[in-house]
Amino acid sequence: MVTKFYKWLLFISSYAPLYLLLAINNYNFEESITVNIRKSFEDKPQFIFWLVIIVLFLISLLTVLVLKKWSLNEKMVLGKLSNFNENILSYIITYVVPLTVININDVNSMVVNLVLFLIIGYIYVNNDLIYLNVLLLIVGFRVYSDESGNKIITDLEKNELTEKVNEGVLVKYREIARGVYLIRKKQT
């Protein structure tokens, strides 16, 4: 299993679409990029905002790259699987959409949203909800649930997984949290 630190990184990566939406929402498209950059250096709240957004987005990308390269260290036979991706949409609507209304010039708005982000992160990490990650879907992973309630994060197509289930093939995996398994096409 992974460390709590990496679970926090996965939580941060699950909000990558939010960082993009916030960047779009706070970018002045009526001005050139050089004017926008100059203004962000002149305005301390804007500078901090852009610095944090860029750092969080880079952390998100690096976290997913690590996940794509991890070695798979155990083998199992898959049981019957069902699609779990629709639950991720509920997560987005419930938590990501409200955070898009952050006002970067209002300290209260920033503090309230930071506290909300940390509370959601605490719940996400301590309940091993790392499969609720939109960025994983965007980069080609899917989430399935097996008959025992375990979550499978994989880049395999549904028909490829079904074939492995029907044939009783041993697949390489890595347990990344309690009841959450990573299976990739590339079995390294």
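Annotations
- Any hit, the stretch 19-38, residues being crowded, with 17+ Cβ neighbours inside 10 Å, in contact with a helix residue (DSSP H, G or I) (Cβ under 9 Å, 6 or more places away or on another chain) and under 30 Å from GLU175 (Cβ atoms): yes
- Taken as a whole, the structure leaves GLU42 outside the set of residues that are more than 20 Å from ILE152 (Cα to Cα), charged (D, E, K, R) and in contact with a helix residue (DSSP H, G or I) (Cβ under 8 Å, 6 or more places away or on another chain).
- For the stretch 80-102, the candidate set comprises residues that are modelled with pLDDT of 80 or more and surrounded by 12 or more Cβ atoms within 10 Å (Cβ to Cβ); within that set, the residue that is nearest to VAL165 (Cα to Cα) is LYS80.
- Qualifying residues in the stretch 157-177 (those that are at pLDDT 90 or above and either part of a loop (DSSP other than H, G, I, E, B) or not hydrophobic (A, V, I, L, M, F, W, C) (or both)) - the one surrounded by the most Cβ atoms within 10 Å (Cβ to Cβ): TYR173
- For the stretch 109-155, taking the residues that are small (Gly, Ala, Ser) and assigned to a helix (DSSP H, G or I), the one that is modelled with the highest pLDDT is identified as GLY121.
- Candidate set from the stretch 112-138 (those that are among the hydrophobic types (A, V, I, L, M, F, W, C) and surrounded by fewer than 16 Cβ atoms within 10 Å (Cβ to Cβ)); member that is farthest from TRP70 (Cα to Cα): VAL112
- The stretch 48-76: number of residues that are of a type in the set (Ser, Thr, Tyr) and in a helix (DSSP H, G or I): 2
- Once the stretch 1-18 is narrowed to residues that are crowded, with 17+ Cβ neighbours inside 10 Å and hydroxyl-bearing (Ser, Thr, Tyr), the residue that is farthest from ILE120 (Cα to Cα) is TYR6.
- Taking the criterion of being in a helix (DSSP H, G or I), among the hydrophobic types (A, V, I, L, M, F, W, C) and either in contact with a Leu (Cβ under 8 Å, 6 or more places away or on another chain) or without any contact (Cβ under 8 Å) to a residue 12 or more places away in the chain (or both), the residues of the stretch 23-47 that qualify are ILE24, ILE33, VAL35, ILE37, PHE41, PHE47.
The values are calculated or read from the model by the stated rules, or taken from the named source; none is laboratory data. Keep in mind the model is a prediction, meaning the values are calculated, not measured. A quick note on method: Cβ atoms are made from the backbone with ideal geometry, for glycine too, and the neighbour counts reach across all protein chains shown.
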